[in-house]
Amino acid sequence: MENKISRTKFIASLTGAASLLIVNNKIMASPKQEQNQQRPDPLDPKIVQEFVRLGHHDLEGVKAKLIETPALLNATTDWGAGDFETALGGASHMGRKDIATFLIGKGARTDIFTAAMLGYTDLVVSMCTRHSELLNSKGPHGITLLMHAQKGGDDAKKVIEFLNSKGIVK
């Protein structure tokens, strides 16, 4: 007696087997199965807002909150009408290099506004050269790239000179 399997049954069995992967003797769920797993609950918006506010002026407060709730590092609050801000964003437009460098050291996602304030001229020039629209982009609260650079003081003089050379003067 021959052990024949129909083409349909063969394909069906492959499909079923493909839903599980065995890696290093561990069964791993397929991407489809992983999508069905529950995500953690969102952070309380009031806690996020408090952390973002602290990012504007209080390094010790930022450190304490981050110890309590590490997930706050990249948390973003919407102050309304799409005015999104992180603690790093707040530190950046307030010129708080101490808070900004602390958060970056913890792995916070940085952007062109933080780069401008910290005087990372190469990054700002590179991004603006590739995407000239960034010269006129606005960060949290509508604060311009130039204003962020101005908050950086002496460290950001070359960024300011670059922006001025591109006609950005306000």
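Every number in this text was worked out from the coordinates using simple rules, so none of it is lab data. Values in this document were obtained by computation on a predicted structure and should not be read as measured data. Note: ideal-geometry Cβ built from the backbone for every residue, glycine included; neighbour counts use all protein chains shown.
FRET efficiency for the Ala64 to Ser137 pair, using the beta carbon distance and R₀ = 30 Å, is estimated at 0.40. Residue order for Arg96, Arg39, Arg109, Arg130, fewest other beta carbons within 10 angstrom first, comes to Arg39, Arg130, Arg109, Arg96.
If you count Lys pairs in the stretch 52-170 whose Cα atoms are under 20 Å apart, skipping same-chain pairs closer than 8 places in sequence, the total is 20.
Out of every Cα-Cα pair that the stretch 45-165 contains, those further apart than 23 angstrom amount to 27 percent.
Net charge in the neighbourhood of Gly105 (other residues with Cβ under 15 Å of its Cβ; Lys, Arg +1, Asp, Glu -1) is +4.
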